[in-house]
Number of protein chains: 2
Amino acid sequence: MPFRFLYTGIRVKNMDESLRFYTEVLGMIAVEPLEEVGPTKGKVVTLKSPGSEQLLELNAYDEASRFCAPYENGEDLDHLAFEVEDLPGTVDRLRRMGLEVTVEPYSIDGWGEACVKDPNGIWIELLEK
Amino acid sequence: MPFRFLYTGIRVKNMDESLRFYTEVLGMIAVEPLEEVGPTKGKVVTLKSPGSEQLLELNAYDEASRFCAPYENGEDLDHLAFEVEDLPGTVDRLRRMGLEVTVEPYSIDGWGEACVKDPNGIWIELLEK
């Protein structure tokens, strides 16, 4: 009875704002168009980065949805990891865009690493080989 | 300045327990062995399902780690999605193993769907085409 991991679904407070962040700032592309899902009273879109097969699903729920609990940041999602080419420059650029930098660039196991927060408070880990 | 999505990292309370769940129950395999990471005072392992390229990283932090905030379940991680072949039988088996079933099997957009909780309270979505 096999299980096959398909994707990670994060919940976003505002679909327009998060879709802009993940596509315009982080450069992801929609692999399926945004759709409204009747049974969950939600909006959903699936994204990937050029050159990566990893899938990220964004979920927004109407207030009437049974899945629309108050939005709290938890510890269960540790981070979403993205590879970048110029870590210091990338962190500077994101900081100037108003993003909170939670971990300043440092070196770990041969990688450069830093963390910023997405519009929902989710930690985005930036890695440079 | 491209960003390339690499993987999703979840935080687990107990590495042994979660590694057993994701490998023995959900059948995932380690693509890199479990390692201890000095700078973060953490343990980390990266997993994938046979037949899928999606990567899931498990992170456990020592109490002395700066990343070891009290474990709270939030809304930012909506769910991790897994495809299965026999949804009702899978849900029954997981329930008998003691997992909480948060959404009983139902039909949505041509897929069968149900949700259970992992040992950390993370929602695992099960999908059957």
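Distances between copies at B:Ala64, taken between label points 7 Å from Cα along the C-beta direction, are 5.5 nm in increasing order. Could you work out [θ]222 nm for chain A from helices alone, using -39500 (n - 2.57) per DSSP H run of at least four and dividing by all its residues? Round to the nearest 500 deg cm²/dmol. After summing the helix terms and dividing by residue count, I get -3500 deg cm²/dmol.
Using Cβ point charges alone (K and R +1, D and E -1), the dipole size of the protein assembly as shown about the Cα centre works out to roughly 40 debye.
Here the calculated FRET efficiency for A:Arg96 and B:Cys68, from their Cβ-Cβ distance with R0 = 25 Å, stands at 0.25, rounded to the nearest 0.05. Each residue of the range A:25-32 was assigned a 3J(HN,Hα) from its phi angle through the Karplus curve 6.51 cos²θ - 1.76 cosθ + 1.60 (θ = phi - 60°); the sequence is 8, 8, x, 6, 10, 6, 8, 9 Hz, with glycine and proline shown as x.
Average projection, convex hull of the Cα set of chain B: 9.7 square nanometres. Copy A relates to copy B by a rotation, and the A residue whose beta-carbon is nearest that axis, with the distance in whole angstrom, is A:Gly74, 1.
If you take every residue apart from B:Asn120 with its C-beta less than 11 Å away from the C-beta of B:Asn120, what net charge results, scoring Lys and Arg +1 and Asp and Glu -1? Here the count lands on -3. Counting, for every residue in A:8-15, the Cβ atoms of other protein chains within 10 Å of its Cβ and taking the mean gives 5. With label points defined 7 Å past Cα in the direction of Cβ, position B:Asp109 shows copy-to-copy spacings of 3.4 nm, given to one decimal and shortest first. For the listed peptides A:54-66, B:4-16, a ranking on the average number of other beta carbons within 10 Å per residue, highest first, reads B:4-16, A:54-66. Based on alpha carbons, the Rg and Dmax found for the range B:78-129 are 10.0, 29 Å.
Mean per-residue shielding of peptide A:47-58 is 4, counting Cβ atoms of other chains within 10 Å of each Cβ. For A:Gly38, the distances from its label point to the matching points in the remaining copies are 5.9 nm, ordered from shortest, with each point set 7 Å beyond Cα toward Cβ. On C-alpha positions alone, give me the angle between the axis of helix B:87-96 and the longest principal axis of chain B, in degrees, nearest 10. Compared with the principal axis, the helix lies near 60 degrees. Farthest toward the positive end of the dipole of the range A:34-111, out of A:Pro88, A:Asn59, A:Thr102, is the Cα of A:Asn59, where the dipole comes from beta carbon charges about the Cα centre. Using a Gaussian network model of chain A whose springs link C-alpha atoms within less than 10 Å, name the residue from A:Gly38, A:Gly89, A:Gly51 with the highest mean-square fluctuation. It is A:Gly51. Dipole check for the range B:1-63: with +1 at the C-beta of Lys and Arg, -1 at the C-beta of Asp and Glu, and the Cα centre as origin, the magnitude is about 200 Debye.
Every read-out reported here was derived from the displayed coordinates using simple, explicitly stated rules and does not represent laboratory data. As the structure is a computational prediction, the values presented were derived from the model and not from experiment. Methodologically, a virtual Cβ is constructed for each residue, glycine included, from the backbone with ideal geometry; neighbour enumeration extends over all protein chains shown.
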